[in-house]
Amino acid sequence: MKTQKKRNRGTAALLLLSLFLVAGCGGAPAADPTTAAAATTAAATTEAATEAAAESTTSSAAAATSAAASTTTAAAASATTTAATEAPASTAAASALADPALTGTQLNLYTWEGMFPQDILDGFTAETGIRINYVNFDYDETMLSKLETAQGGDYDLVIADDYIIETVIAEGLAQKLDTAKLKNYANIDPAYQKQFYDPNDEYTVPYGAGVQTIVYDPSAVGIEITGYADLWDPALANNLGLIGNFRVINGMALKVLGESYNTEDLGIIRAAGQKLLELAPNIRLIKDDQLEADLLSGEIGAGVMYTSQVFSAVVENPELRVVFPKEGIGFGVMAGFIPSKAPNAGAAYAFLDYILDAARGADCFLYLGYYSTNRAANEFIDVSLKDLLILPEGFNVNMEMIQNISDEATAEHDLVWTEFKTATGQN
Amino acid sequence: MRRDRRSRRVALLAVLPMYLFTLAFVIGPLAYMLVLSFMRRSGAWGVEADFTLRNYLHIGEPVFLATFWQSLRLAFATTALVTLIGYPFGYFMARLTPKWRNRCMILLIVPFWTSSLMRLYGWMIVFRANGALDRLLMWAGLTDRPLKLLYTYPAVVVGMVYALVPFMIYSVYSSAEKLDMGLLEAARDLGAPRSHAFLTVALPLTMPGVGSGLVLTFIPSMGLYFIADILGGNKVVLVGTLIQEQLMKVHDWPFAAALSVVLMALTSLFLFVYRRATHSGELEGLV
């Protein structure tokens, strides 16, 4: 999961931009050649490219970015308005929480880019008088090292992935929450609480969950897919796309063998690797960004994707089928915590309470494209999108979260993964 | 005598910033990387400073060796194709009238005004199902259904050649431009057929340009892994891909450092062999 939302938009902007350039026959304004060179060397990642693009063709880039942004959220936005009009009542209560002592202070919010709709951020400032200083990171690990350097200070609220929060708490960089300060705390869906990273539910507030699911186009795939094992079917030859997350993909093979994602038994990981090699002929593509675009354009017939990608794909093409693999699902949670020496913890509580509100929570998940972790928000989510944003009752019976494992096991996973990728290149 | 010493001191002061810069931004990072490559990873993101050869031994795994081989193969294939396409281009460009030479040069430079990644996305538009190339083939009646052209090895090679061919053209051009046409005419006067005059006179005299073109193509092609990622759908695993993955996904910095050290050693080795083989101390266009 992680930065999907953000990256998707970045690449969408890039694609649009390149279209512009192709259509306009290279009428691009001049850029500093060193910028381009810097992009070439540093920029395997699309983010860097987006920056370079923004620098080189400022005006058109800005236009394209906003265009892309508006298309991705268009569907969500239209749904949001209907949900919002149905429920004006619940928002009134929250204004009571505006604490005059906090007015004029600043909330230092540290998370990925694009985690909240602008309305929510603006609304919070309007209602509480607290300015938001939105600082973003690309990777969880960046956040961890910044937080370590700041020794738990500098930021008031951090939203990140489960596995890194486990480390943050272990290093004593988070403070225990006083849930009495959160009036909307009861709105949280208990299914997402007391997970491995915060077993006693002392430090975190979940904000969105992601599962890796199979999504396929029935018209492009000759078989019915019900689980991971079906992906090995020869009918899918050269027609399958995967995200590039080695723990998730190796985990697929582990699940087919009936093992845990988090096994540290090198022999079992190796066996999963052997199983994975048999999948190679079916692989057309492995990538993290914009995988759903390849499904929509017909480059691939089936894919294993992140929640936000599945969400955008199905919103675009409702004919696509989403499968919760029968072998069990892996899921991850994003959660907010208050760093141990947060300069303005009061503002963090105010913001957490603000987004835990049912109607506003629904707006957030529609925007985010991740599964709702707010039970009260569920009724505000448009009926047509309920399946995509609310996990079915009892999903957590057959699920497992991917956790940190030993260095040796990680190295073995990496070896298996590289062998697998090399094998896919022999197609 | 005294003046001499003084001017030496002035000269030293003048180059000092460059020395410091090199020390801080070239030697420093290299030394850091070398030291890192002998350390052990620890925890989610960190490293532990105790000496180990594990990282280098780990590269001996067949799958990682295969990755080096894959990178070399792609680099050689790219360099060969770039030479085949770039040499005639550069050579004949130097034969044009100055006005057309300039126009050609501008056309070669214009693509660099856009980010190379955006140009790669352009290639995706060309290669994808029902994309430009697919439509052209179907229109010409050569195929009757959309092909799977994107995310294949040939697509990667096309992207690599496209990205690197300008460097060969510039190098050959700068050599061919200096070529004295009188020599070719003399060879022709003395009875050499056109092809013979080219092979014995023009080609040897433009070899320095080809040489620097080879270096300028080969070295980057060992590192341009993002082309393989984007046009090859991540299926063509190169050393660069591996390093990036070790850094960003596996979080094994020491192993990434060891891979980088070996990659750099390998590239330096090729450069050394090349210099030995050609006895060329300098590279045209590079110095």
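Since every read-out is calculated from the coordinates, none of them should be taken as a lab result. Model, not experiment: these values are computed from the prediction. Glycine gets a Cβ as well: all are built from the backbone with ideal geometry, and neighbour counts include every protein chain shown.
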With a point put 7 Å past each Cα toward its Cβ, work out how far B:Met138 is from A:Glu148 in nm, to one decimal.
5.3
Local net charge near B:Met160, Cβ-Cβ under 14 Å (Lys/Arg +1, Asp/Glu -1)
+1
Value of Rg/Rh across the stretch B:1-127 [Cα atoms, Kirkwood radius]:
1.16
Give the residue from A:Leu182, A:Thr142, A:Thr213 lying farthest towards the positive end of the charge dipole for the stretch A:130-242; charges sit on Cβ (+1 for Lys and Arg, -1 for Asp and Glu) and the dipole is referred to the Cα centre.
A:Leu182
In a solvent-free Debye calculation with one equal scatterer on each Cα, what is log10 I(q)/I(0) for the stretch A:113-266 at q = 0.09, 0.10, 0.11 Å⁻¹, listed in the order of the q values?
-0.47, -0.56, -0.67
For residues of A:358-370, the mean tally of beta carbons on other chains within 10 Å
0
Please name which of B:Phe89, B:Ala257, B:Gly141 has its Cα lying farthest along the dipole of the stretch B:69-278 towards the positive end, using unit charges on Cβ (Lys, Arg +1; Asp, Glu -1) and the Cα centre as origin.
B:Gly141
Excluding A:Ala186 itself, what net charge comes from residues whose Cβ is under 14 Å from its Cβ, given Lys and Arg +1 and Asp and Glu -1?
-1
Could you line up B:Tyr151, B:Tyr170 from fewest to most neighbouring Cβ atoms inside 10 Å?
B:Tyr170, B:Tyr151
Cα-based convex hull, the stretch B:136-287, per residue volume (Å³, whole number)
159
Given the -39500 (n - 2.57) contribution per DSSP H run of 4+ residues, what per-residue ellipticity at 222 nm results for chain B, rounded to the nearest 500 deg cm²/dmol?
-22500 deg cm²/dmol
Over the stretch B:69-278, what relative contact order in percent results from Cα pairs under 8 Å that are six or more residues apart?
27
Where does the charge balance sit around B:Pro254 when Lys and Arg score +1, Asp and Glu -1, over other residues with C-beta under 10 Å from its C-beta?
+1
Obtain the nm distance between the two label points defined at A:Gln274 and A:Glu202 by a simple spin-label model: each point lies 7 Å from its Cα along the Cα-to-C-beta direction.
4.5
Hand me the trypsin sites (Lys or Arg not before Pro) from the stretch B:62-160 located in a DSSP loop with no more than 16 other Cβ atoms within 10 Å, in residue order please.
B:Arg95
Using 0.36 nm per residue, how much length does the chain from A:Asp178 to A:Ser406 gain when fully extended, once their Cα-Cα distance is taken away?
78.8 nm
When averaged across all projection directions, what area in nm² does the alpha-carbon convex hull of chain B cover?
24.2
Over what distance in Å are the Cα centres of the stretch A:258-316 and the stretch B:146-217 separated?
44
Average Cα contact separation per residue, the stretch A:220-361, under 8 Å, 6 or more apart, as relative contact order %:
29
Residues with amide H under 5 Å of A:Tyr207's amide H, sequence separation 5 or more or different chain, H placed in the peptide plane at 1.01 Å from N; which?
A:Met334, A:Ala335, A:Gly336
Nearest-0.05 FRET efficiency for B:Phe272 and B:Arg8, computed from C-beta distance (R0 45 Å)
0.90
Protection-proxy order for peptides A:160-166, A:213-219, each taking the mean of Cβ atoms within 10 Å per residue, highest first:
A:160-166, A:213-219
Would you mind getting me the FRET efficiency between A:Gln426 and B:Val15? Use the beta-carbon distance for r and R0 = 41 Å, nearest 0.05.
0.20
Taking other Cβ within 10 Å of each residue's Cβ, how do A:Asp353, A:Asp122 sort, fewest first?
A:Asp122, A:Asp353
Convert each backbone phi in the stretch B:251-256 into a coupling constant with the Karplus relation 6.51 cos²θ - 1.76 cosθ + 1.60 (shift: θ = phi - 60°), then list the ³J(HN,Hα) values in order as whole Hz, x for Gly and Pro.
6, 9, 4, x, 5, 4
Considering every residue in B:231-240, what mean count of other chain Cβ atoms within 10 Å of its Cβ is obtained?
6
